[in-house]
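None of the figures in this text is laboratory data; all of them are computed from the coordinates on show. The model shown is predicted, which means the values in this text are computed figures rather than measured ones. Positions of Cβ are generated from backbone atoms using ideal geometry, with glycine treated the same way; all protein chains shown enter the neighbour counts.
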Amino acid sequence: MWINITILSLVTLQRLVELFIAQRNTKRLLAKGGVEVGSGHYPLIVLLHAVWLAGLWYLALNLTVSWPWIFAYLVLEAARGWIIAALGNRWTTRIIVVPGETLVSNGPYRYFRHPNYIVVAGEIFILPWAFGLWWYAILFAALNGALLYWRIKSEDEALAPLRDPAALPGEPPPES
């Protein structure tokens, strides 16, 4: 039980620290003239993550921990650190577009368009598995997938002018 409490406490602490960093970075980006896009789905994402974590606290306290799944989760956290380092002061939990900025193309963004969403999807799926909660992993992965589809669509539309200056907001990104 104590190891479960320790794991869930560390995950909770990490999420709270990330929210603090994201809020600080959001204020900076908005002060630089940034514009938030897709804010309508943001409360749903926060709700999903809060319910996911609260549910783990409720369901996982007395379950056996699977260390290979915990190791996989730790690998994801290393990837998240790489993502945050690559984005620097641009990393936030919201979609903020600063006119005149260029897209980040270093770190994991050299290989993936949305590496943070890959990590988040992995976290939501893998941590419940660490406690044997396969059904919980599948349920929240599906819910998160639906929200991420909406979010990525909003983000791609907002960032299209940074990928191709001729693209206008509301237009689909050009075909490659």
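Details
- Cα gyration tensor shape for the chain, rounded if a/c is under 1.5, else prolate or oblate: prolate
- Summarising the amide proton neighbourhood of VAL35: residues at separation of 5 or more, or on other chains, whose placed amide H is nearer than 5 Å comprise VAL97, VAL98.
- Dimensions (Å) - region 1-59, Cα atoms, principal axes, largest first: 48, 20, 7
- Under the membrane-span-like helix rule (DSSP H runs whose alpha carbons stretch at least 20 Å along the helix axis, mean Kyte-Doolittle hydropathy 0.5 or higher), the chain yields 2-31, 42-60, 67-87, 115-129.
- TRP91 sits among other residues whose Cβ lies under 12 Å from its own Cβ, and their net charge, with Lys and Arg +1 and Asp and Glu -1, is +4.
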